[in-house]
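Report on one structure; see the data block that follows.
The values are calculated or read from the model by the stated rules, or taken from the named source; none is laboratory data. Fair warning: this is a prediction, and the values are worked out from it, not measured in the lab. Glycine gets a Cβ as well: all are built from the backbone with ideal geometry, and neighbour counts include every protein chain shown. Ligands, DNA and RNA are excluded from the accessible area calculation, which covers all protein heavy atoms including side chains. Shrake-Rupley method; radii C 1.70, N 1.55, O 1.52, S 1.80 Å.
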Amino acid sequence: ATDDFGAMLEAARRTHDTLGARIEDLPERRDELTEIQAFLQWLQDEAFVFLGYRGYDLVRDEGGHMSILVEPGSGLGILRNEAESAFAEPVRLDEIPEGIRGLVEADGLHRRQEAGSRRHGQGRASLHRALHLTRVRR
């Protein structure tokens, strides 16, 4: 996990910067996006140990259905092996568990690209202590 620490920190910086640009596009979400930026800055200020990062894409298939899949080449740290993801191949949104689908739909990600939030996942940390992993989504 530590081999990719610099790259994970850079991913947090890029997400922070992307949020800044999105605030102008989404004025109705200014407070939320500003709070997420502050959280990302806190993470970058060495308040958090980055163990893994993986990006996800939403794509529309030929039939017009939205699918989620791993962003190729995005896996870092303990999430480096993208083939281990349930989303290594596209999975239609209407076929994924309601809880995950609800996160995507609540954020409007199936309609437009949105900037992030933080969620606790079902995976368990394999380093330091066995707690739920915190997922920071951009």
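Some points to look at:
- Yes/no for residue 32 being exposed (fewer than 13 other Cβ atoms within 10 Å of the Cβ), in a helix (DSSP H, G or I) and not polar (S, T, N, Q): no
- Entry remark, segment 36-68: residues being part of a helix (DSSP H, G or I) and surrounded by 14 or more Cβ atoms within 10 Å (Cβ to Cβ) number 6 in total.
- Positions within segment 15-28 being within 21 Å of residue 49 (Cα to Cα) and free of Cβ contacts under 8 Å to residues at least 40 places away in the same chain, in sequence order: 16, 17
- Any hit, segment 92-100, residues being over 21 Å from residue 16 (Cα atoms), modelled with pLDDT of 90 or more, not small (Gly, Ala, Ser) and not in a helix (DSSP H, G or I): yes
- Residue check for residue 5: in a helix (DSSP H, G or I), touching a strand residue (DSSP E or B) at 6+ places or on another chain (Cβ under 7 Å) and of a type outside the set (D, E, K, R): no
Results for (1) modelled with pLDDT of 90 or more; (2) surrounded by fewer than 14 Cβ atoms within 10 Å (Cβ to Cβ); (3) of a type outside the set (S, T, N, Q), shown as yes or no for each residue.
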| site | (1), (2), (3) |
| --- | --- |
| 8 | yes, no, yes |
| 16 | yes, no, yes |
| 26 | no, no, yes |
| 71 | yes, yes, yes |
| 75 | yes, no, yes |
| 84 | yes, yes, yes |
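- Residue in segment 76-90 that is part of a loop (DSSP other than H, G, I, E, B) and of a type in the set (D, E, K, R) present: yes
- Residue ID - farthest from residue 4 (Cα to Cα), chosen from residues in segment 79-103 that are touching a helix residue (DSSP H, G or I) at 6+ places or on another chain (Cβ under 9 Å) and among the β-branched types (Val, Ile, Thr): 96
- For residue 119, the conditions (1) under 13 Å from the mean Cα position of the chain (by Cα); (2) at pLDDT 90 or above; (3) open to solvent by 60 Å² or more (accessible area, probe 1.4 Å) all hold with the exception of (2).
- Taking segment 33-47 as the range and being within 21 Å of residue 103 (Cβ to Cβ) and either of a type in the set (Lys, Arg) or touching a residue at least 24 places away in the same chain (Cβ under 8 Å) (or both) as the test, the residues that pass are 33, 36, 39, 40, 43.
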